[in-house]
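The values are calculated or read from the model by the stated rules, or taken from the named source; none is laboratory data. What you see is a predicted model; the values in this text were computed from it and never measured. Glycine gets a Cβ as well: all are built from the backbone with ideal geometry, and neighbour counts include every protein chain shown.
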Amino acid sequence: VGPCPYPYLWVKDYREQIKSVSIQCQNGLPYIWHQDKRLFFRRGTKEKDILSNYLGLLIEQDKRSARRYVKEYDELGDEVTLLDIGAAEGIFTLDVINNIKQAYLFESEEPWIEALEATFE
């Protein structure tokens with residue numbers, strides 16, 4: 001996994017963790033296990049790109065990251081309807097899906113639609 005744009009000392013913890021990530025395939029779509037759920041990526045995505053992307057996603061949503069979307073996932077509550085605009089692979093929604101009432105994912109890049117449908121089927 002190459003250079004990382006996040007200036008945090010704790011990033012190295014994730015660099016070690018990412019080495020044990022296994023990439024599998026279903027119907028030609030690559031996926032990884034993320035918190036006991038399958039997180040699919042676009043068809044044809046190279047393994048090194050999946051690992052690099054996943055590393056960035058984990059760091060971005062770490063509780064210590066300034067880029068994290070919410071402080072705690074449970075603060076969303078079971079009455080919340082989430083709008084995930086620019087969902088890409090849908091990791092944020094996947095992380096909070098059991099804490100919210102419902103989610104609507106919006107993604108304009110066609111290659112992500114198939115991956116999102118597989119993740120949330």
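Brief remarks on what is shown
- Pair list, Cβ < 8 Å and 6+ apart or interchain, from the stretch 95-119 residues that are within 12 Å of residue 79 (Cα to Cα) and without any contact (Cβ under 8 Å) to a residue 40 or more places away in the chain to residues that are among the β-branched types (Val, Ile, Thr) and buried (at least 17 other Cβ atoms within 10 Å of the Cβ): 103/93; 103/96
- Filter result (touching a Lys or Arg at 6+ places or on another chain (Cβ under 8 Å) and either among the β-branched types (Val, Ile, Thr) or over 18 Å from residue 115 (Cα atoms) (or both)) within the stretch 12-54: 32
- Restricting attention to the stretch 85-121 and to residues that are over 20 Å from residue 36 (Cβ atoms) and charged (D, E, K, R), the residue that is surrounded by the fewest Cβ atoms within 10 Å (Cβ to Cβ) turns out to be 110.
- One residue alone among 10, 33 is within 18 Å of residue 88 (Cα to Cα) and at pLDDT 75 or above, and that residue is 33.
- Condition check for residue 42: of a type outside the set (A, V, I, L, M) and more than 16 Å from the chain's Cα centre (by Cα): no
- Annotation note: Cβ proximity below 8 Å between a residue of the stretch 19-41 that is exposed (fewer than 10 other Cβ atoms within 10 Å of the Cβ) and a residue that is not in a strand (DSSP E or B) (sequence gap 6+ or interchain) occurs for 27/118; 28/43; 35/94; 35/95.
- Restricted to the stretch 67-84, and to residues there that are of a type in the set (D, E, K, R) and surrounded by fewer than 17 Cβ atoms within 10 Å (Cβ to Cβ), the residue that is nearest to the chain's Cα centre (by Cα) is 68.
- Some residue of the stretch 84-96 being over 18 Å from residue 121 (Cβ atoms), among the aliphatic types (A, V, I, L, M) and at pLDDT below 95: no
- Residue, nearest to residue 28 (Cα to Cα), within the stretch 94-115, restricted to residues that are in contact with a helix residue (DSSP H, G or I) (Cβ under 8 Å, 6 or more places away or on another chain) and not in a loop (DSSP other than H, G, I, E, B): 94
- Check on residue 56, modelled with pLDDT under 95 and either small (Gly, Ala, Ser) or surrounded by fewer than 10 Cβ atoms within 10 Å (Cβ to Cβ) (or both): yes
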